[in-house]
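Note sheet for the following structure.
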Amino acid sequence: MGSSDDEESASSLTDAHRFFLQGIMAGGTLSEKDVEELFSAAKETYKYRQTTPLTDFVETINKALSFLYMQIRNIASELDGEKFYGLINTRADLESQKGTQLTLTEIGMFRKIMNAVIEASDPAKSKERDGIRVSEGSISVSAALEHGGNAHSLNERTLERLVQERWLVYTTPAHKRITLGVRSLMELKQWLEENYEDHVSNCLTCHEPIFMGEICQNNRCEVKLHHHCSKRWFTGNRERVCPSCKNVWKMR
């Protein structure tokens with residue numbers, strides 16, 4: 001794309017789009033509720049067409065940002081299905097995450113935690129809970145802290161910062177276990193799929209990476225569903241069988 005095309009794409013943004021984009025940039029990772037409120041404020045403040053869907057509005061921004069390899073993306077939390085939005089670098093890898101302002105040692109800690117989470121999500125390590133085969137792609141907080149290269153107190157601060165920025169998330173109210181957060185899933189989706197092709201699976205229904213969820217009871221079948229995707233998929237009269245192999249699918 002040439003510079004004139006870039007200028008044309010950027011000029012397609014109205015003040016409402018710029019207001020919305022600035023809000024996303026300032027907020028970091030925003031919940032769907034916060035984004036809907038921001039969208040309403042942008043339309044009301046700048047008299048933008050009220051009937052425009054959020055998806056179309058965001059798509060206009062993403063087209064204008066494409067030459068910068070940036071886009072607004074959304075993804076659902078693996079824990080409860082809550083949707084989050086963020087501005088991501090589509091060419092991102094672990095070392096290029098300037099937004100976190102982490103040192104190389106801290107990035108190394110995150111990489112080791114990520115590797116451990118991916119290993120824990122291996123179907124061979126799945127567990128049975130109430131007769132349901134589940135993937136528990138999480139590790140204990142104590143194990144996560146051992147992956148740091150600094151003193152224990154510094155590792156704790158790094159871990160808390162990664163949680164605050166939603167690169168990681170606690171999976172239990174008592175903060176005993178941890179997994180990849182929505183920021184990691186948004187920002188590193190392509191990188192994970194390219195570098196962990198044999199280890200990272202996607203949910204069959206939403207096509208997003210899955211580390212915690214339900215696994216088909218048929219050991220020869222590789223289908224995985226997020227817990228919230230499973231509930232949505234089997235809502236109503238749909239037969240509770242695997243979408244692929246048709247084996248009986250037990251639900252939580």
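What follows draws every value from the coordinates through simple rules; no lab data is involved. Just so you know, these numbers come straight off a predicted model, no measurement behind them. In this analysis, Cβ positions are derived from the backbone assuming ideal geometry, glycine residues included, and neighbour counts consider all displayed protein chains.
Separation of the range 122-199 from the range 22-98 is 24 Å, based on Cα centroids. Compute the angle between helix 54-65 and the longest alpha-carbon principal axis of the chain, please, reported from 0 to 90 degrees and rounded to the nearest 10. Between helix and principal axis, roughly 70 degrees.
Quick one: longest stretch of the chain between exposed loop GluC sites (Glu not before Pro), exposed meaning at most 10 other C-beta atoms within 10 Å and loop per DSSP?
Details: sites that count: 197, 239.
Result, exposed sites excluded: 1-196.
Summing Cβ point charges (Lys, Arg +1; Asp, Glu -1) relative to the Cα centre of the chain gives a dipole of roughly 920 debye. Counting only alpha carbon atoms, the long axis of helix 104-120 and the longest principal axis of the chain meet at about 50°.
When the inverse distances between all different Cα atoms of the range 3-68 are averaged and flipped, the Kirkwood radius reads 12.3 angstrom. When the alpha carbon coordinates of the chain are projected onto the principal axes, the ranges are 55, 55, 36 Å, largest first.
Within the listed set 205, 45, 29, the Gaussian network model of the chain (springs between alpha-carbon atoms below 10 Å) gives the highest mean-square fluctuation for 45.
Restricting the calculation to alpha carbons of the range 96-233 gives Rg and Dmax of 15.2, 46 angstrom. Taking every DSSP helix (H) stretch of at least 4 residues in the chain, weighting each as -39,500 (n - 2.57) and dividing the sum by the residue count yields a mean residue ellipticity at 222 nm of -12500 deg cm²/dmol.
What's the FRET efficiency of residue 90 with residue 164 using the Cβ-Cβ distance as r and R₀ = 35 Å, to the nearest 0.05?
Plugging the Cβ-Cβ distance into 1/(1 + (r/R0)^6) gives 0.90.
Spacing of the modelled spin labels on residue 153 and residue 80, each 7 Å from Cα toward Cβ, amounts to 3.3 nm. Ordering 25, 190, 113 by the projection of their Cα atoms onto the charge dipole of the chain, which places +1 on the Cβ of Lys and Arg and -1 on the Cβ of Asp and Glu, puts 113 at the extreme positive end. Measure nothing fancy, just the Cα-based angle from helix 152-164's long axis to the longest principal axis of the chain, in degrees from 0 to 90, nearest 10. Roughly 60 degrees between the two axes.
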